[in-house]
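Working notes, structure below.
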Amino acid sequence: MTQEEKIALYALGALEADEAEALRRELADSPELQELLARDRVVATLILASVEPVQPSPDLKQRLMEQINDSWAAESVIDSSASEPAMSTGSAGAAVLSPRRILRKARTEGFTPSFTRLRDERPRRTWPVWVLSGLSMAATVVALAVAIVLAIRLGQSETEASALRQQVAQLHIEAGAIQKSRDEATARILQLERDLTQLRSTLAQAQQALDRSRAESQQLGEDIAALRAVVAEKEAALTQAQTELSVLLQPNVRVAVLPGVAGTFRNATVTVFYAPQSTTAYLSVTNLPSLPPDQTYQVWLINRNQRLPSTVFNTDASGTSRLIVQSAQPFSAFQNIGVTVEPAGGSQTPNPAGPIVLGRL
């Protein structure tokens, strides 16, 4: 039996004495149990007040009165027979009837004792009446207890059902929000996929354009490099031509022709344009074979026994070249000028084999 069922029976007065005493001790220390008892007492009062009184039928009342009358009469006869004789004789010698005979006579004559007399003399009830009364009371108590327990459980069930309905409603709301978020996320994903597809296509086109641009840029770079080389060459040629012109425009310009003096170089000619007071001279070379990369031609300025190294050069395929020679001293300080074949980069001392071109200034 649960605690709530015990409290319900206690409110109806149907709990056993030992259980009721134990429950009273628990009630003294528990406000929660006291609150449950107060609620159950209110429910019990309402249930009892809702029962309509039933009027017994006349037949039931007649049978009950006859049973009570028989019981009372039987007990009266038994008591009278035990204390007096059945018949006594008075002073006149007349016979006196015993209470048994009076009772029988009264019954045969249709005498009926009144309810007031029956109530005042308080006849004893027979065991069927007590049994029926006890069973009716017990059934009523049990019915009330069951009704209270059912009412309590019904209230709890309604509370739980209400809580469950609220939870279901909340779950529906949450499910709606989740579905809405899913739909929005799906729409965003589809849009992003479309955007990504378009961007990939654009990127592929841009990559193709970039590849073409790179190829074109590479070609353009090569063209630019070639043009820069040509420009540099032209600039060098322009500088060379400007220097040549400046030399040729000097006052008192002289010309010295230097012939080839060695074997295969006899056909070579070096023409020197210079001004005695100047430190810059212009040389024009013809018929001088081109040298391999590991060799070079080098100009020497000769002052008596002193040979000063000067410009290095090479000729083109036609055997010609033009070059500017710079000197730390005016060319009037030198008597001769010569050309030797030296290792690539030039030397500080002339080739022991001697000059291939030599002449006076």
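The values are calculated or read from the model by the stated rules, or taken from the named source; none is laboratory data. Please read all numbers here as calculations on a predicted model, not as lab measurements. Note that we place each Cβ from the backbone using ideal geometry, even for glycine, and neighbour counts take in every protein chain shown.
Tabulated results
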{"item": "Strands (runs of 3 or more DSSP E) wholly inside the range 250-307 that include at least 2 residues being touching a helix residue (DSSP H, G or I) at 6+ places or on another chain (Cβ under 7 Å)", "result": "269-274, 280-286"}
{"item": "Residue within the range 54-72 that is at pLDDT 85 or above, touching a helix residue (DSSP H, G or I) at 6+ places or on another chain (Cβ under 8 Å), in the same structural domain as Ala151 (by TED's automatic domain parsing) and of a type outside the set (Asp, Glu) present", "result": "no"}
{"item": "Test for Gly176: is it assigned to a helix (DSSP H, G or I), modelled with pLDDT of 70 or more and exposed (fewer than 11 other Cβ atoms within 10 Å of the Cβ)", "result": "yes"}
{"item": "Residue, surrounded by the most Cβ atoms within 10 Å (Cβ to Cβ), within the range 194-247, restricted to residues that are among the acidic types (Asp, Glu) and over 51 Å from the mean Cα position of the chain (by Cα)", "result": "Glu244"}
{"item": "Subset tally (residues that are modelled with pLDDT under 75 and either over 15 Å from Ala44 (Cβ atoms) or not in a helix (DSSP H, G or I) (or both)) for the range 119-170", "result": "20"}
{"item": "Residue check for Ala236: closer than 30 Å to Phe331 by Cα and without any contact (Cβ under 8 Å) to a residue 24 or more places away in the chain", "result": "yes"}
{"item": "Where a residue in the range 317-333 is within 16 Å of Gln242 (Cβ to Cβ) and its partner, wherever it lies, is part of a loop (DSSP other than H, G, I, E, B), with Cβ under 7 Å and at least six apart", "result": "Gln326/Thr279"}
{"item": "Conditions (1) at pLDDT 95 or above; (2) more than 20 Å from Ser278 (Cα to Cα); number of the one not met by Val299", "result": "(2)"}
{"item": "So Val339, is it under 16 Å from Pro259 (Cβ atoms) and in a strand (DSSP E or B)", "result": "yes"}
{"item": "Complete set of residues in the range 316-326 that are surrounded by 18 or more Cβ atoms within 10 Å (Cβ to Cβ) and either among the β-branched types (Val, Ile, Thr) or over 18 Å from Leu238 (Cβ atoms) (or both)", "result": "Val325"}
